[in-house]
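Okay, structure first, notes after.
The values are calculated or read from the model by the stated rules, or taken from the named source; none is laboratory data. The shown structure was predicted, so the numbers you read here are calculated from the model rather than taken from an experiment. All Cβ positions, even for glycine, are placed from backbone atoms using ideal geometry, and neighbour counts span all protein chains on display.
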Amino acid sequence: MTTSYIITIVVVVVIIAAGIAFWAYSPNSSYAPATVATSTATSAPMAPMTPATPSVVLNVMTSPTLGTYLVATNGMTLYTTAGTCTGSCAIAWPPYTVPAGAIAGGVNVSGIVGTTALAGGLQVTYKGMPLYFWSKDSKPGDTTGENVGGFTVAKP
């Protein structure tokens with residue numbers, strides 16, 4: 001091999017190595033070394049870039065006799081009453097509860113879905129009214145609690 005040929009190969013290798021190093025250590029590269037920020041200010045974590053998905057979703061079912069009514073995520077019918085239901089009432093009419101931090105939303109529901117504080121968690125509300133299940137409804141779509149003890153099927 002001639003000396004000029006070896007020099008050409010060395011120059012090409014150096015240029016390629018320099019290009020790779022420049023690319024690898026550029027600020028936009030995922031291979032750039034980590035830098036240490038020297039700031040005394042503290043900031044809150046950034047909020048997620050995508051909207052949160054509701055973890056409580058109300059939906060609707062339709063009955064020839066009752067029309068459209070609200071159901072929970074499990075398909076069970078939801079009921080409302082004029083007062084509140086606690087103690088022995090809550091055994092027959094369990095409140096629709098979710099853990100603290102749950103996000104409420106609705107599908108095919110135009111009213112405001114929310115929650116209210118309840119011992120041990122949150123109770124789901126619709127248009128400000130607490131929602132309950134009827135303990136004698138055995139499968140999704142049952143509406144056997146309609147007009148029992150002052151409870152009515154919740155309507156959207």
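Of the set (1) over 15 Å from Asn59 (Cα atoms); (2) more than 21 Å from the chain's Cα centre (by Cα); (3) buried (at least 19 other Cβ atoms within 10 Å of the Cβ), all apply to Ser138 but (3). In the stretch 104-120, which residue that is at pLDDT 80 or above and of a type in the set (Gly, Ala, Ser) is farthest from Thr80 (Cα to Cα)? The residue in question is Ala117.
Of the residues that make up the stretch 109-130, is at least one out of contact with any Lys or Arg (no Cβ under 6 Å at 6 or more places or on another chain), more than 16 Å from Leu58 (Cβ to Cβ) and of a type in the set (D, E, K, R)? Taking every residue of the stretch 109-130 in turn, none turns out to be out of contact with any Lys or Arg (no Cβ under 6 Å at 6 or more places or on another chain), more than 16 Å from Leu58 (Cβ to Cβ) and of a type in the set (D, E, K, R). Of the set (1) within 18 Å of Thr152 (Cα to Cα); (2) more than 16 Å from the chain's Cα centre (by Cα), all apply to Ala72 but (2). Taken over the stretch 60-111, the criterion of being within 13 Å of Thr125 (Cα to Cα) and either free of Cβ contacts under 8 Å to residues at least 24 places away in the same chain or of a type in the set (Phe, Trp, Tyr) (or both) is satisfied by Tyr79, Tyr96. For the stretch 67-78, the tally of residues that are part of a strand (DSSP E or B) and of a type in the set (S, T, N, Q) stands at 2. Checked against (1) at pLDDT below 80; (2) at negative phi, Gly101 meets all criteria but (2). Of the strands (runs of 3 or more DSSP E) contained entirely in the stretch 79-130, those carrying at least 1 residues that are closer than 25 Å to Asn147 by Cβ and under 20 Å from the mean Cα position of the chain (by Cα) fall at 104-106, 113-118, 121-126.
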